[in-house]
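The values are calculated or read from the model by the stated rules, or taken from the named source; none is laboratory data. Everything numeric in this text was worked out from a predicted model, so none of it was measured. Quick reminder, even Gly has a Cβ in these numbers, built from the backbone with ideal geometry, and neighbours come from all protein chains shown.
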Amino acid sequence: MTGIIFDVQRGSYVNGPGIRTTVFFKGCNLKCTWCHNPESQDFEPQIMFYKSKCTSCGICRNFCESKESCIICGRCTRECLTGAKALCGKKYTADEIMEIIKKDIPYYKNSSGGVTFSGGECMLKIDFLTELLQKCKENNIHTAVDTAGYIPYSSFEQILPYTDLIIYDVKCMNSTVHKKYTSVQNTLILDNLKSLLLIDKEIWVRVPIISGINDSEEEINELKSFYEMYGYPQKTELLPYHSLGEHKYEAINKELTRFNTPSNDKMQKLMKLIK
Ligand code: SF4
Ligand code: SF4
């Protein structure tokens, strides 16, 4: 089986416990306007172009064999000396990904780390994801799946036997606001979270906090009431919005919406509430 992967980050300390390798699947069924990885949203490979790095040397044009329209072969990205062009997304087999993952087995063992599958939405490629998770378990590697949860619960049932940790992104508790900024309502997402909280599985909930959108006390209190009804996850992380991905919007020719980062005081207050 194959899947389009846009990044594999080794030696990471985020996305789960210990030292991890994070595998980023390309393609997402949410379109969060604040996404710091906008290149993760489209399902197909893309060429990213960083105008500010381009010296207009013309090398890329000389190497391009498709003069009519770009066929995303990636050749120009390999020839460009300044890094102005980059290929985002490449087809991999599960064995090719496992070869990369297995290089860091000693680090996983020494740090109680492992592998995290993320995206995009990795669960949209459920059979490919299941194959990768099974192969990790055959190698005794701890597995985490990072998801926004907008998928049928049957997909969770398929991966749960091979998944040690679910990292569950909750964008917003207010469904109207959720729809406005992510393109979908949150009913299915919260229904799936409810089902997951009711079973014996480690869950970390992550909430991106965007100033003026979902940083009110009401929002966090609503999440807390949800936990009180269905159970608390092992961890809840509130992540303040950052603008580090803004330059990528121009690189993929996508319109950028600017948001504000909540203050430290606000973050402290919200964290206290959820604890
Ligand atoms: S090779 Fe790179 S720097 Fe040169 S024109 Fe192409 S994108 Fe610009
Ligand atoms: S990706 Fe391939 S087809 Fe597209 S511009 Fe570059 S060399 Fe040409």
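Points to keep in mind about this one:
- Members of the stretch 228-271 that are touching a helix residue (DSSP H, G or I) at 6+ places or on another chain (Cβ under 6 Å) and either surrounded by 15 or more Cβ atoms within 10 Å (Cβ to Cβ) or not small (Gly, Ala, Ser) (or both): 230, 236, 238, 240, 248, 249, 252, 254, 256, 270
- For the residues 76, 88, the requirement of being in contact with a strand residue (DSSP E or B) (Cβ under 8 Å, 6 or more places away or on another chain), farther than 22 Å from residue 28 by Cβ and within 16 Å of ligand 2 (Cβ to nearest atom) singles out 76.
- Residue in the stretch 40-55 that is touching a helix residue (DSSP H, G or I) at 6+ places or on another chain (Cβ under 9 Å), among the hydrophobic types (A, V, I, L, M, F, W, C) and more than 16 Å from ligand 2 (Cβ to nearest atom) present: yes
- Which listed residue is surrounded by fewer than 19 Cβ atoms within 10 Å (Cβ to Cβ) and within 15 Å of ligand 1 (Cβ to nearest atom), from 96, 65, 138: 65
- Candidate set: the stretch 229-245, residues that are in contact with a strand residue (DSSP E or B) (Cβ under 7 Å, 6 or more places away or on another chain) and in contact (Cβ under 8 Å) with a residue 60 or more places away in the chain; chosen: the one farthest from residue 17 (Cα to Cα): 241
- Among the conditions (1) within 15 Å of ligand 2 (Cβ to nearest atom); (2) touching a Pro at 6+ places or on another chain (Cβ under 8 Å), the only one that residue 112 does not satisfy is (1).
- Residues in the stretch 52-79 that are in a loop (DSSP other than H, G, I, E, B) and touching a residue at least 24 places away in the same chain (Cβ under 8 Å): 54, 55, 57, 72, 74.
- Looking across the stretch 72-93, just one residue is within 16 Å of ligand 1 (Cβ to nearest atom), of a type in the set (Ser, Thr, Tyr) and either closer than 24 Å to residue 166 by Cα or touching a helix residue (DSSP H, G or I) at 6+ places or on another chain (Cβ under 6 Å) (or both), and that is 82.
- Hits in the stretch 38-53 - residues which are surrounded by fewer than 18 Cβ atoms within 10 Å (Cβ to Cβ) and under 28 Å from residue 107 (Cβ atoms): none
- Search result, residues across the stretch 212-228 that are part of a helix (DSSP H, G or I) and either touching a residue at least 24 places away in the same chain (Cβ under 8 Å) or not assigned by TED's automatic domain parsing to the domain that holds residue 148 (or both): 217, 219, 220, 221, 222, 223, 224, 226, 227
- Of all residues in the stretch 11-26, those that are more than 22 Å from residue 124 (Cβ to Cβ) have Cβ atoms under 8 Å from Cβ atoms of residues that are assigned to a loop (DSSP other than H, G, I, E, B) and among the hydroxyl-bearing types (Ser, Thr, Tyr), 6 or more apart or on another chain, in 17/112; 18/112; 19/13.
- Screening 21, 2 for residues that are surrounded by fewer than 20 Cβ atoms within 10 Å (Cβ to Cβ) and among the β-branched types (Val, Ile, Thr) leaves exactly one candidate, 2.
- Qualifying residue in the stretch 26-39 (condition: part of a helix (DSSP H, G or I) and of a type outside the set (Val, Ile, Thr)): yes
- The single condition among (1) at negative phi; (2) touching a Gly at 6+ places or on another chain (Cβ under 6 Å) that residue 112 does not meet is (1).
- Residue among 184, 177 that alone is out of contact with any Phe, Trp or Tyr (no Cβ under 9 Å at 6 or more places or on another chain) and of a type in the set (A, V, I, L, M, F, W, C): 177
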